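J.: What follows is a single structure, and I will ask about it in a moment.
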Amino acid sequence: MKEERIKWPNGAKCAVLFTIHVDGESLYNRGAVPTPRSVSYGRYGPFRAVDRLLELTDQKDIPCTYFVPGQIADRYPDMMKKIVSYGHEVGFHGYNHEASMYTDLPVEGWMEIIKRSQDTFDRIIGKTAVGYCATSCDFEEDAMRIWNEMGFRYSSSMRGDDRPYRVEIDGKPSDFIEVPARWELDDYPFFAYNFYPPLPKGQDRISGYKGVFDNWRREFDGYYRYGLCMVFMLHPQIIGIPGRFRLLGELIDYMKACPDVWFATGEQISDWWRENY
Ligand SMILES: [Zn+2]
């Protein structure tokens, strides 16, 4: 690639961001009929797996960004405090992991959801989120202008780049930074599985672990070589089961064996980008 190399802080060769999506029960408890088994699948995240991930990333000295729906923060206030006490960032991810977004909710409704979630964070951890991660569904073209107006300073919601960028608002590049993530760096398409209701629809996977971690290692090699910004989307109930989180540790070891990798939170990466690009 002939493009100009990004100048990361302290001469780092590339940036790596682990976003941890603690969707918990919120993905599964929205139907009219209770689905205790499905809800328990989501609950495994905050109930069992977050502690494992906190311990692992503490051992490896990796700062992360935890995107937590307000509902889950309300359910697990001690988890929230623990995440913050380990030095991680907490970001916005809906109140109930709302899947409708702007497409069928008036803007005011969505602003109410943001306010409710931010109030929850403020009450539990004494601060509000600066990072916005859109939930499952898509959003309208000018949504980022509203996120910016509501006090967010960056988002990690898009898929179309492997570098951060300034979001265009009203036709001009703004101080609102997008730190895009990629589906191939999401554990969901490879590993998520719920029997009923079927999730993903078709129920045609759980992928072989070695293959997925081999994909991620090769992707890292590419990001490292070209000096890009690698953004993972990991879900505790998916990645935090006994076999997989061990492999995640091995992947981190592999990355750490390469000199000059900048492991940072979304807030750190977006702040740095705003100051330098
Ligand atoms: Zn989510």
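Read-outs: derived from the displayed coordinates by stated rules, not from any lab. Everything numeric here is computed off the predicted structure, so don't read it as measured data. Every residue, glycine as well, gets a Cβ built from its backbone with ideal geometry; the counts of neighbours run over all protein chains shown.
J.: Applying a 10 Å radius around every beta-carbon, put 66-75, 152-161, 240-249 in order of their mean neighbour count, most first.
T.: Details: 66-75: 25.3, 152-161: 18.6, 240-249: 15.9.
Output ranking for 66-75, 152-161, 240-249: 66-75, 152-161, 240-249.
J.: Relative to the Cα centre, what is the charge dipole magnitude of the chain, using +1 at the beta carbon of each Lys and Arg, -1 at the beta carbon of each Asp and Glu, and rounding to the nearest 20 debye?
T.: 860 debye
J.: Let me ask something additional. List the residues whose amide H sits under 5 Å from the amide H of Ser174, counting only those 5 or more places along or on another chain, with H placed 1.01 Å from N in the peptide plane.
T.: Val167, Glu168, Ile169
J.: Taking only the alpha-carbon atoms of region 150-267, what semi-axes of the equivalent ellipsoid follow from 5 times the gyration tensor eigenvalues under a square root, in whole Å, largest first?
T.: On the way: eigenvalues 154, 86, 29 Å².
Semi-axes, largest first: 28, 21, 12 Å.
J.: Tell me the volume per residue, in Å³, of the convex hull enclosing the alpha carbons of region 9-276.
T.: It comes to 130 Å³ per residue, whole-number rounded.
J.: Hydropathy first: keep DSSP H helices in the chain averaging at least -0.5 on Kyte-Doolittle, then drop any whose Cα extent along the axis falls short of 20 Å, and list what survives.
T.: Once both thresholds are applied, what remains is 107-125, 242-256.
J.: Taking +1 at the Cβ of each Lys and Arg and -1 at the Cβ of each Asp and Glu, which of His21, Val84, Tyr196 sits farthest along the dipole of region 9-276 towards its positive end, judged by Cα position relative to the Cα centre?
T.: Result: Tyr196.
J.: Separate question: Given a cut-off of 31 Å, name the pairs among Lys60/Lys201; Lys13/Lys210; Lys60/Lys127; Lys60/Lys115; Lys60/Lys210 whose C-alpha atoms lie farther apart than that in the structure shown.
T.: From Lys60/Lys201; Lys13/Lys210; Lys60/Lys127; Lys60/Lys115; Lys60/Lys210, over 31 Å: Lys60/Lys201; Lys60/Lys115.
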